[in-house]
Each structure stands twice: as structure tokens, then as C-alpha cells.
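J.: Take this structure, written in C-alpha cells, and hold onto it; I'll ask about it next.
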Amino acid sequence: MTPPAPPELAARAAELRESLERASHEYYVLDAPTRSDAEYDRLFHELKRLEEAHPELRTADSPTQRVGAEPASKLEKTEHLAPMLSLDNAFSPEELEAWETRNARIADEVRGAGYVVEPKIDGLAIALTYQDGAFVKGATRGNGTIGEDVTRNLRTIRQIPLRLHADGPPPPPLMEVRGEVYMSLPGFEKMNQGRAAEGLATFANPRNAAAGALRQLDPAITATRPLRFFAYAVETGRGEPPFASQWDLLQALKAWGFPVNELARTCPSLAEVLEFVTGFERTRSTLGYEVDGVVVKVNPLPLHAELGVVGGREPRWATAYKYAPDLVVTTLRSIEVNVGRTGALNPYAVLEPVEVGGVVVKLATLHNEEDIRRKDIRAGEKVLVKRAGEVIPQVVGPMLEEGQERGPLFTLPDHCPACGTPVEKPEGEAMVYCPNSACPARIYWGIVHFASRGAMDIRGLGERTIDQLLRPRPAAESGEGDAPAADAAPSVSTAAAASGVPAEEVGDTVPGDADTTPARNALVRDVGDLYSLSLGDLLRLDGFKDRSAQNLLDGITASKQQGLARALFGLGVRHVGEVAAQTLARHFGSIDRLMAATTEEIETVRGIGHVMAEALHAWLAEPRNRETVEKLRAAGVKLTEEQGAPSEGPFSGLTFVITGTHPTMSRPELTDFIERRGGRVTGGVTGKTNYLVAGEDAGSKLAKAREFGVKELTEVELVALAEAGGESADDTDDGPGSPPDTPQLGLL
Ligand code: IVH
């Protein structure tokens with residue numbers, strides 16, 4: 001028998017297992033590798049050798065015990081405390097009255113008991129488990145009994161409290177708070193625009209987008225999606241929750257820190273309910289999120305038990321009052337295509353103007369070629385248009401007459417409609433692109449993006465101004481006598497027309513002109529030129545006076561200080577979103593270092609995948625783009641960023657050590673959680689460590705932490721600390737010997 005392995009070797013094996021598992025997870029699940037293949041192999045072989053020498057170190061979960069890591073993990077199943085029910089519908093006042101009559105036969109007190117009315121949010125039902133006030137698990141509805149565990153994703157929704165606020169009644173020790181996760185309409189539209197620009201498929205509606213975001217395997221992706229939440233129910237699994245009424249329950253939810261829809265009302269009788277639903281039909285289109293009806297609930301909870309549940313699925317005490325959908329028939333005049341800043345070709349429908357639910361609809365989004373084919377809609381034919389979410393019009397499908405001859409199927413053009421360059425379809429991508437970086441449509445939208453809020457935030461630089469800046473200047477003015485204005489097209493009018501901006505707003509140039517450069521003598525040909533605009537230049541534009549021109553110049557000057565992260569995001573490299581730009585800027589610190597990096601070097605940055613690294617490297621190598629960067633540099637635009645973890649955040653100045661296993665977050669996730677908040681994570685406990693995040697089976701690090709008097713935190717406490725805003729390093733650095741307490745938790 002071989003002698004047992006010395007503790008140092010056992011510790012090393014555990015460390016290797018952890019590093020390797022972390023690397024595999026990053027590579028296969030998160031698509032964000034941080035180690036090179038060679039490095040992985042080296043660690044893998046070290047572990048293998050160790051296990052060969054000391055077989056007792058070989059654990060069942062060792063990375064050596066399987067061939068490669070799981071290519072993708074899945075969402076685990078989890079059972080709800082009690083079934084998540086669905087609702088019966090009522091489509092008219094008569095049906096609501098019939099509902100009350102049926103209920104009164106079972107419990108005649110129903111008539112005088114009063115109701116609560118709540119907007120029926122069109123999102124996804126979820127159940128959040130709170131144990132002793134802490135958020136421990138979150139799940140989708142699933143089949144009503146068993147849902148999917150999406151805890152880590154739900155944690156990214158800021159509106160969901162990770163610990164119940166102390167105000168309000170004492171919560172049951174174990175309960176599920178139920179409610180709806182949804183996406184706001186502006187958030188949805190912004191996200192879809194961003195996706196289209198980055199060449200990703202767009203979502204058909206906010207509900208699908210929310211569902212997609214919630215079921216991500218990587219919570220970091222969920223975190224970038226604009227998800228929101230409304231709470232409306234409590235379930236303990238042991239009969240009705242401890243409230244007298246649904247209304248009291250909503251108040252308790254609010255006091256515990258949940259968002260509760262502020263439009264919910266009590267109605268003493270069905271007459272008021274009917275009044276509410278009539279009035280609400282108009283209100284609902286102004287809410288900024290999709291509402292597909294009103295949920296009417298019997299107010300006193302004791303009556304819920306008495307009324308019971310039909311077929312184990314639908315409670316009698318609640319019903320959904322649904323409005324007729326806003327549907328109309330109109331003619332699909334044509335299917336046009338706009339070109340986004342990354343060159344993605346996005347089709348959209350031009351409709352015979354028609355009123356749907358109180359607004360006149362002329363255009364509707366079509367997602368991609370595939371979507372158009374699936375719906376089988378064709379230009380020149382009658383189509384059914386629905387105002388889903390009561391805001392975004394959608395073409396549902398064709399409205400054909402018997403025996404009607406069909407028009408031709410839609411196909412995306414094989415040349416860019418704005419510049420005529422042959423389009424490309426990258427392998428494995430849903431979108432088709434114009435590859436010409438000088439395409440006027442791409443430049444137009446590129447500048448719009450560069451000036452936008454999340455990027456350089458140039459105040460006063462709107463789409464109309466950008467359009468003018470990109471137009472050819474009259475020959476005399478530009479001093480280029482050899483370039484008569486007449487053939488300097490396509491101006492940005494082309495870009496804008498090809499981009500879905502209504503023609504009457506931007507001129508009537510026909511898209512598809514085959515010139516491949518923006519107006520040769522325009523004031524601005526790329527974002528770099530914005531910084532050499534003069535007051536005189538601006539004063540020559542329509543609608544500019546001394547003051548507005550000076551304001552715009554000031555806005556442009558101020559934007560020079562935004563820093564590398566925003567500038568990089570603003571440059572609009574395909575796949576490089578706001579978060580990635582920030583990560584890259586912090587990692588490399590300057591545009592020069594980024595430009596000097598190889599694809600492999602870029603790829604080693606945590607959170608940056610191969611596709612993004614390649615796209616970025618290619619972008620930076622293109623002479624036209626280098627020229628733009630040089631213009632920015634010459635103008636004094638700040639192209640550096642402070643390196644390292646964000647210095648700002650509740651954990652800035654704090655050092656953490658992580659040990660043991662934790663209820664919901666893996667080690668990389670905990671590290672990420674801390675670093676995103678400005679904290680630093682180190683491997684070993686020293687006198688400088690502020691906190692030990694100790695999970696189950698915390699080993700030697702715990703002993704060492706106690707020796708140094710380092711404060712211990714559980715995962716829940718860590719999250720709570722972050723929520724409470726952390727604590728400054730000075731306050732916590734009370735040196736060796738102080739007791740391992742967590743006084744800051746008293747704040748909660
Ligand atoms: S009560 C029996 N309240 O509608 C309790 N549901 O068709 C059922 N919903 O699965 C839930 N807003 O996803 C309730 N204020 C609200 C709601 C709401 C949206 C959804 C929920 C549920 C579905 C039932």
C-alpha cells in the first residue's frame with residue numbers, strides 16, 4: 001500500500017481540480033476562457049500525475065475522470081412549495097358577472113367581500129424562495145409543479161431583494177414570493193436595436209426576450225438584459241399565507257422590498273371592477289410594458305380556501321379579464337431593408353397606414369428573412385397586423401382570399417441597398433451583412449451610436465444633425481471644385497432612407513446607388529471628424545444658431561473625457577457591447593496596448609470569447625479604422641482607462657478570500673460578484689484580508705482566518721453586504737486579533 005498523500009499534495013490536488021473545473025466551465029459554458037489550452041494541459045497533467053502517484057486523491061468529480069467537461073450545463077429542475085396555478089379568462093362584462101354568480105353559489109359572502117384588480121403583466125411567472133428572509137432559490141413556472149432553477153439569473157435582477165427588508169410583518173420562515181418577470185418596452189426595443197446592430201437575431205416580443213434571458217446558462221448574459229419584476233403572490237405550501245386579504249398581502253410584499261404594481265386597486269363590488277377594466281383598456285397602452293388584461297381576485301384570503309381550485313389548475317377566486325387584441329387588416333406595400341451600423345441588413349414592413357388601438361401604424365418590424373418566410377407574408381398582399389404589447393406593431397400573417405395568386409417570396413438583396421457592395425453571410429450567423437466599412441448607412445448609424453448615451457454621450461448631436469454633417473457640401477464651400485455636389489451621392493439621405501427613416505424627413509434619394517464612399521466632401525466622414533468641426537461649420541447647417549452651435553461644440557469637447565471603455569463601445573465593433581468594452585478597456589488600459597494585442601491575447605481576457613476577439617482584432621487592423629482612431633487621438637480624445645477591477649463599488653478597497661462550497665454561487669461566480677463591485681479576491685488569508693467568504697467544508701483557510709481575526713461571511717451575508725453598500729477598508733481593517741464577527745450585518 002502506498003502511504004497516504006501528505007496534506008500539501010491533497011491541497012494541491014484540490015486546487016488543481018478547482019482551477020481546471022473553473023477553466024472548463026469558462027470555456028464550455030460561459031464561452032469566456034481565461035486560460036490558454038497549453039496552460040490547461042499543463043495543469044491537467046500535473047493533476048493526473050498526482051493521482052497516479054496517490055490514487056486516494058482521485059475523486060469522482062476530478063476533471064481527469066471524464067473526457068472533457070460537459071459542453072453545456074443545463075438548468076436543474078426544482079419543485080415548487082405548491083403548484084403554480086393558471087387563470088381562467090373572462091372576455092366580456094357578462095362573463096365576469098357569470099364568474100361572480102358561480103362563486104356566490106359556493107360561498108355567498110363573495111358578493112360583498114370586495115375584489116383586488118391588478119394589471120396582468122405579460123411576462124413569465126416565477127417563484128422566489130425565501131428562507132429566514134434570505135433569497136435562496138428562484139424557479140420558472142415549468143409545468144406548474146416542477147420548474148427550472150434559475151436562481152443565479154434571478155439574482156441579476158436588481159429589483160428582486162436578496163434579503164427581505166425588516167419593515168413589514170414578520171415573513172413566514174419559508175415562503176415563495178411569486179410574480180412576473182418581464183421586459184419593459186423601451187428596454188426591449190433598445191436591446192433589439194443593439195442586437196440587430198451586432199448582427200444577432202432579434203426577439204419577436206418582450207415576453208420571448210424575457211424568457212430567453214431568464215433561461216440563459218450564463219447569468220452574466222442575463223445581467224445585461226433589461227429584466228424587471230412585479231410580485232403579486234405568496235405561497236407557503238401550508239394553506240393560505242398569514243394575511244387577511246390579497247390587498248394586505250400586496251402591502252406586505254411592498255414592505256419587504258418587492259416591486260408591486262402601483263395600479264392595483266381594491267374594488268368594493270363587481271360594478272367597480274367593471275369600471276376599472278373599462279378605463280384600464282386605454283391606460284394599458286401607456287405603461288411602457290406589456291399588459292394583456294386585468295387579474296381580478298377575491299380580496300379576503302379565507303374565501304380563497306373556501307372557493308378552491310378547479311381541476312387542480314385554476315383557482316375560482318381569480319380570473320383574468322382579457323381585452324380583444326388589436327388586430328387590423330392592411331396592405332403590405334413593400335418589404336424594405338435597412339442597414340445597421342455593423343452592416344447587418346434588417347428587413348421591415350412598409351404598410352398602408354392603418355389605425356390599430358389608437359395609433360396610426362406605417363411600419364412594422366420583421367426580424368429576418370427566416371421570420372418573413374415562416375409567416376409567409378409577401379409584398380402587395382393583405383396582411384393581418386397586431387399591436388402586440390399595445391405598442392409594437394407586428395405582422396401576424398397573410399390574409400388571403402380563396403384561390404388568390406401569390407406574389408413572389410421575399411429574399412434579402414445580395415447587394416447592400418445603401419452602397420451596392422455584395423453582402424456576406426458569416427457562417428453560423430442569422431444575419432446578412434454589408435462588409436463595406438465605408439458604407440454610408442453604416443457610417444450614419446455608426447455616428448448615431450457613437451454619440452449615444454451609453455457611448456460618448458454627445459449632447460446636442462441628433463440624427464438630423466448627423467444627416468446634415470454627412471451630406472455633400474456645395475462645391476464652392478468645400479473648395480473641391482472637382483467634385484460637383486450632384487454626383488457626390490449617395491449622401492446620408494441614402495443611408496437614412498435605407499435605414500428606415502421615413503423618406504420625407506431625410507430627402508428622397510433612392511437607396512442602392514453603387515458609390516461606396518460617403519459624400520467625398522462632407523464635413524464628417526467618420527466619427528473622428530466630429531472633433532474637427534468648427535463653429536462656422538455648424539452655423540452653416542440648417543437650424544443652428546450661435547447658441548445651439550456652441551452647445552454642440554461644447555458637447556463634443558466634453559465627450560473627449562469619456563475614456564476608453566465608452567470610446568471603444570462607441571466605435572461600434574461587431575460583438576463588442578458595453579460590458580465587453582469595459583472589460584477590455586480595464587484589462588488593456590490603453591488603445592495602444594489593445595491595438596498591439598494578438599487575437600489570442602485578447603481572447604484570454606475573462607468574459608471575451610473567440611468570436612469577439614477575432615472581430616475586434618480584425619477591426620483594429622483595418623486601415624480605415626486605424627485612421628479614425630488616429631483622428632480621435634490627435635483631437636485629444638481620452639483613449640485610456642484605469643486598469644484592474646473597477647475601483648468604484650461597495651467593495652472597493654476590500655480584499656476577500658473564498659473557501660468551501662456555497663449554496664448558489666460557484667467560486668468563479670463569487671469572484672466575479674466581488675470584483676464587479678470593486679473588491680479584490682486573493683488566494684490565501686493574510687493579515688490584510690478583510691473577509692473570508694466561507695462555505696461548507698471550509699478547511700485550513702477558515703482556521704487561518706480565525707487566527708488572523710478575519711471576518712467571516714456566508715454567501716447570503718456577502719450579498720447582503722453588497723446590498724448594504726459594503727464598508728470602507730479603513731473601517732474593517734482592524735488588524736489581527738479582532739474577533740471574527742460581522743458587525744456590519746446589523747445594518748440590515
Ligand atoms: S395571479 C392563481 N396576478 O398570468 C394565481 N397572475 O394566466 C395565478 N400574471 O401564470 C397568478 N400578472 O404568469 C396573477 N397580477 C397577476 C398577474 C398574473 C400576470 C400571469 C401569471 C400567471 C398567468 C395566469
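The values are calculated or read from the model by the stated rules, or taken from the named source; none is laboratory data. Remember, predicted model here, so these are calculated numbers, not experimental data. We place every Cβ from the backbone using ideal geometry, glycine too, and count neighbours over all the protein chains shown.
J.: Can you tell me which of 305, 324, 320 is outside any helix (DSSP H, G or I), out of contact with any Cys (no Cβ under 8 Å at 6 or more places or on another chain) and within 14 Å of the ligand (Cβ to nearest atom)?
T.: 320
J.: Can you tell which of 110, 116 is among the β-branched types (Val, Ile, Thr), surrounded by 21 or more Cβ atoms within 10 Å (Cβ to Cβ) and within 15 Å of the ligand (Cβ to nearest atom)?
T.: Selected residue: 116, the only one of 110, 116 that is among the β-branched types (Val, Ile, Thr), surrounded by 21 or more Cβ atoms within 10 Å (Cβ to Cβ) and within 15 Å of the ligand (Cβ to nearest atom).
J.: Here's another thing I want to ask about it. Quick check, is residue 2 modelled with pLDDT under 85, under 25 Å from residue 217 (Cβ atoms) and either not in a helix (DSSP H, G or I) or not polar (S, T, N, Q) (or both)?
T.: Taking the combined requirement at face value, the residue does not satisfy it.
J.: When you look at residue 430, is it closer than 26 Å to residue 446 by Cα, surrounded by fewer than 21 Cβ atoms within 10 Å (Cβ to Cβ) and among the small types (Gly, Ala, Ser), yes or no?
T.: Against the criterion (closer than 26 Å to residue 446 by Cα, surrounded by fewer than 21 Cβ atoms within 10 Å (Cβ to Cβ) and among the small types (Gly, Ala, Ser)), residue 430 qualifies.
J.: For segment 608-622, indicate whether the set of residues that are within 29 Å of the chain's Cα centre (by Cα) and under 30 Å from residue 137 (Cα atoms) is non-empty.
T.: Yes: one or more hits.
J.: Next question. Only one of 361, 356, 291, 337 is away from the ligand (no atom under 15 Å from the Cβ), under 26 Å from the mean Cα position of the chain (by Cα) and surrounded by 19 or more Cβ atoms within 10 Å (Cβ to Cβ); which?
T.: Among 361, 356, 291, 337, only 337 is away from the ligand (no atom under 15 Å from the Cβ), under 26 Å from the mean Cα position of the chain (by Cα) and surrounded by 19 or more Cβ atoms within 10 Å (Cβ to Cβ).
J.: Continuing with the same structure: Taking segment 134-150 as the region of interest, how many residues are of a type outside the set (A, V, I, L, M), surrounded by fewer than 21 Cβ atoms within 10 Å (Cβ to Cβ) and in contact (Cβ under 8 Å) with a residue 12 or more places away in the chain?
T.: Residues meeting the conditions: 7.
J.: Mind checking which residues of segment 161-188 are part of a loop (DSSP other than H, G, I, E, B) and within 16 Å of the ligand (Cβ to nearest atom)?
T.: 184
J.: Filter segment 259-302 down to the residues that are charged (D, E, K, R) and assigned to a helix (DSSP H, G or I), then identify the one that is farthest from residue 185 (Cα to Cα).
T.: 272
J.: If you don't mind, another one. Kindly indicate whether residue 230 is in contact with a strand residue (DSSP E or B) (Cβ under 6 Å, 6 or more places away or on another chain) and either within 16 Å of the ligand (Cβ to nearest atom) or aromatic (Phe, Trp, Tyr) (or both).
T.: yes
J.: Any chance segment 12-29 includes a residue that's modelled with pLDDT under 65 and acidic (Asp, Glu)?
T.: Yes, because at least one residue in segment 12-29 is modelled with pLDDT under 65 and acidic (Asp, Glu).
J.: Against the conditions (1) without any contact (Cβ under 8 Å) to a residue 60 or more places away in the chain; (2) within 15 Å of the ligand (Cβ to nearest atom); (3) in a helix (DSSP H, G or I), where does residue 221 fall short? Just the number, please.
T.: (2)
J.: How many residues, within segment 308-317, are within 10 Å of the ligand (Cβ to nearest atom) and without any contact (Cβ under 8 Å) to a residue 40 or more places away in the chain?
T.: Of the residues in that region, 0 qualify.
J.: Also, quick follow-up: Could you give me the residue pairs with C-beta distances under 6 Å whose first residue belongs to segment 257-271 and is charged (D, E, K, R), whose second residue is more than 14 Å from the ligand (Cβ to nearest atom) and in a helix (DSSP H, G or I) wherever it lies, and which are 6+ apart or on separate chains?
T.: Every condition considered, no pair remains.
J.: Residue check, residue 583 against (1) farther than 19 Å from residue 35 by Cβ; (2) out of contact with any Ser or Thr (no Cβ under 7 Å at 6 or more places or on another chain), all met but one. Which one?
T.: Condition (1) is where residue 583 drops out.
J.: Filter segment 122-160 for residues that are of a type in the set (Ser, Thr, Tyr) and in contact with a strand residue (DSSP E or B) (Cβ under 7 Å, 6 or more places away or on another chain); which is nearest to the ligand (Cβ to nearest atom)?
T.: Once the filter is applied, the top-ranked residue is 140.
J.: Hey, among 95, 79, 100, which residue is of a type in the set (D, E, K, R), within 16 Å of the ligand (Cβ to nearest atom), at pLDDT 70 or above and more than 30 Å from residue 6 (Cα to Cα)?
T.: 95 is the lone residue from the list that is of a type in the set (D, E, K, R), within 16 Å of the ligand (Cβ to nearest atom), at pLDDT 70 or above and more than 30 Å from residue 6 (Cα to Cα).
J.: Among (1) within 15 Å of the ligand (Cβ to nearest atom); (2) among the acidic types (Asp, Glu); (3) closer than 21 Å to residue 76 by Cα, there is one condition residue 240 misses while meeting the rest; what is its number?
T.: So the condition that residue 240 fails would be (3).
J.: Return yes or no: is residue 240 surrounded by fewer than 19 Cβ atoms within 10 Å (Cβ to Cβ), out of contact with any Lys or Arg (no Cβ under 7 Å at 6 or more places or on another chain), in a helix (DSSP H, G or I) and of a type in the set (Asp, Glu)?
T.: Here the answer is no, as residue 240 does not meet what is asked.
J.: On to the next question. On the given criteria, is residue 620 outside any strand (DSSP E or B), modelled with pLDDT of 95 or more and either touching a strand residue (DSSP E or B) at 6+ places or on another chain (Cβ under 7 Å) or surrounded by fewer than 20 Cβ atoms within 10 Å (Cβ to Cβ) (or both)?
T.: yes
J.: Restricting the search to segment 245-265, which residues are more than 14 Å from the ligand (Cβ to nearest atom), modelled with pLDDT of 95 or more and not charged (D, E, K, R)?
T.: Within segment 245-265, 245, 251, 252 meet the criteria.
J.: What pairs come up if the first residue lies in segment 552-578 and is of a type in the set (S, T, N, Q), the second is part of a loop (DSSP other than H, G, I, E, B), and their beta carbons are under 7 Å apart, counting only those six or more places apart or on different chains?
T.: 559/456; 559/457; 559/458; 561/638; 562/456; 562/457; 562/638
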